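These notes are about the structure you will find just below.
The values are calculated or read from the model by the stated rules, or taken from the named source; none is laboratory data. All values derive from a computational prediction rather than experimental measurement. Cβ atoms come from the backbone with ideal geometry, glycine included; neighbour counts cover every protein chain shown. Ligands, DNA and RNA are excluded from the accessible area calculation, which covers all protein heavy atoms including side chains. Shrake-Rupley method; radii C 1.70, N 1.55, O 1.52, S 1.80 Å.
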Amino acid sequence: MGKVVEMNHPLIKHKLTFIRDKNTGSKEFRELVKEVAMLMAYEVTRDLPLRDIEIETPITKTKSEVISGKKLGIIPILRAGLGMVDGMLSILPAAKVGHVGLYRDPETLEPVEYYCKLPTDVEERELIVLDPMLATGGSAKAAINFLKDRGATNIKLVCLIAAPEGIKVIEEAHPDVDIYVAAIDEKLNDHAYIVPGLGDAGDRLFGTK
Ligand SMILES: O=P(O)(O)OC[C@H]1O[C@H](OP(=O)(O)OP(=O)(O)O)[C@H](O)[C@@H]1O
Ligand SMILES: O=c1cc[nH]c(=O)[nH]1
Ligand SMILES: [Mg+2]
């Protein structure tokens, strides 16, 4: 079973409060989502392998560590996952970015695919799937299925807010995938929105309704 890591950092908790607040407008919402994604990148990359290289400081020659050529891919689930891309890229500038377009049908709650463009060598990369919301888990499960169908074997899922129901769905469907969340909320409501949540992440990021 993959691990579930809930961020336990005061900066993330503080920013998440204002992300949740319905009086936070799109501009500030976008900035905060970007900042939290940047902070989460720190934890998500904790297990990247290192290797020694020889360098020379002004004082002496020494060996020092660098990241060991790991190829990364950042995969936002459109639309709302786009809000997390810049924050991740600010820490991981060499990562390639692939896009998976999915929306959740409001009646059936089933994910509907409308776009997929991935790095050609996706099977060689460690992939970080981004979506602010893990509600029923249907969208993230489908996105990870796409990636696996195209050969990906090394996948992490990074969300701002998850419902317990969504975590269970991913754990059952993709037990090899580690899940990183800023917060695990209480439940889903009758429309499968996360409670207390933040509302519709895509609409809040892009000012649509
Ligand atoms: O876990 P689930 O029940 O599948 O719900 C979560 C999905 O719903 C939201 O996307 P939405 O369908 O609103 O599309 P959008 O990003 O274009 O707004 C969210 O960004 C997730 O992708
Ligand atoms: O609470 C939710 C659930 C699904 N999608 C969202 O944007 N928010
Ligand atoms: Mg939406």
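Taking the C-alpha atoms only, the angle from helix 10-20 to the longest principal axis of the chain is near 30 degrees. Nonpolar atom fraction for the chain, defined as the carbon and sulfur part of the 1.4 Å probe accessible area, stands at 52 percent. Quote the relative contact order of the chain in percent (integer), defining contacts as alpha-carbon pairs under 8 Å separated by 6+ residues. Worked out over the chain, it gives 23 percent.
Couplings for region 169-175, taken from phi via the Karplus curve 6.51 cos²θ - 1.76 cosθ + 1.60 with θ = phi - 60°, read 4, 5, 4, 6, 7, 9, x Hz in order; Gly and Pro are left as x.
Nearest 10 degrees is fine. How inclined is helix 138-149 to the longest principal axis of the chain, computing both from alpha carbons? Compared with the principal axis, the helix lies near 40 degrees. Please compute the Kirkwood hydrodynamic radius of region 4-206 from all pairs of different C-alpha atoms, in Å with one decimal. Hydrodynamic radius (Kirkwood, Cα pairs) of region 4-206 is 17.5 Å. In the full protein context, the chain carries 52 Å² of accessible surface per residue, based on a 1.4 Å probe and ignoring ligands, DNA and RNA. With Cβ to Cβ distances under 11 Å as the rule, what net charge do the other residues near G137 carry (K, R +1; D, E -1)? Every neighbour counted, the sum reads -1.
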